[in-house]
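*Asks:* Have a look at the structure that comes next, please.
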Amino acid sequence: MLVALLLIGMAAILGPRVIDVVFWLFAQDRWQSAFGGNMIWAVIGIILVPWTTLAFAIAQPFGNDVLTAVAVIIGVLADIATYAGAGYKSRSIYADNQA
C-alpha cells in the first residue's frame, strides 16, 4: 500500500515536468514565442510551477487575451492542488505509520 502511494505521488510530481520537457522538445516554436528566447524562465517554471508553465506555453502564442489569463489561472490552481495534495498524502501516510 505504501509503495503504491509513493508511486502515485512520484507520478503526480514528475508527470507535468515530463510533459513540459516533451512539449518543449517537439514544439520549440511555441516555447520561443511564449518565453521570447529567454529560456531560463521556462526552466525555472518547469521546476517550480510545471502546470502553469505548460498552460502559458500553450495559450500565449494565441495572443494576450482572456484565454491566456484563464489558462494561466487553471495552471496555477493545478500547481496548488498538486502541492497541497502531496502534502496531505504525506501527512496521512506519516500519521498511519505512527499509529
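The values are calculated or read from the model by the stated rules, or taken from the named source; none is laboratory data. Keep in mind that what you see is a predicted model, and the values were worked out from it rather than measured. Don't worry about glycine lacking a Cβ; one is built from the backbone with ideal geometry, like all the others, and counts go over all protein chains shown. Accessible surface is based on the protein model in full, side chains and every heavy atom, while ligands, DNA and RNA are left aside. Shrake-Rupley method; radii C 1.70, N 1.55, O 1.52, S 1.80 Å.
*Asks:* Give, in nm to one decimal, the length gained when the segment between Met10 and Asn64 is fully stretched (0.36 nm per residue of separation minus the Cα-Cα distance). Can you show the working numbers first?
*Replies:* Details: separation 54, 0.36 × 54 = 19.44 nm, distance 3.36 nm.
Using 0.36 nm per residue and subtracting the Cα-Cα distance, I get 16.1 nm.
*Asks:* Going by average Cβ density within 10 Å per residue, which order do the peptides 67-76, 9-18, 44-53 take, highest to lowest?
*Replies:* The densest-packed peptide leads the list: 44-53, 67-76, 9-18.
*Asks:* Using a simple spin-label model with points 7 Å from Cα along the Cα→Cβ vector, what separation in nm is obtained for Val18 and Asn38?
*Replies:* It works out to 3.2 nm between the two label points.
*Asks:* Hey, can you find the accessible area per residue of the range 1-66 for me, probe 1.4 Å, expressed in square angstrom? Mind dumping the intermediate values first?
*Replies:* On the way: 4230 Å² over 66 residues.
Per-residue value: 64 Å².
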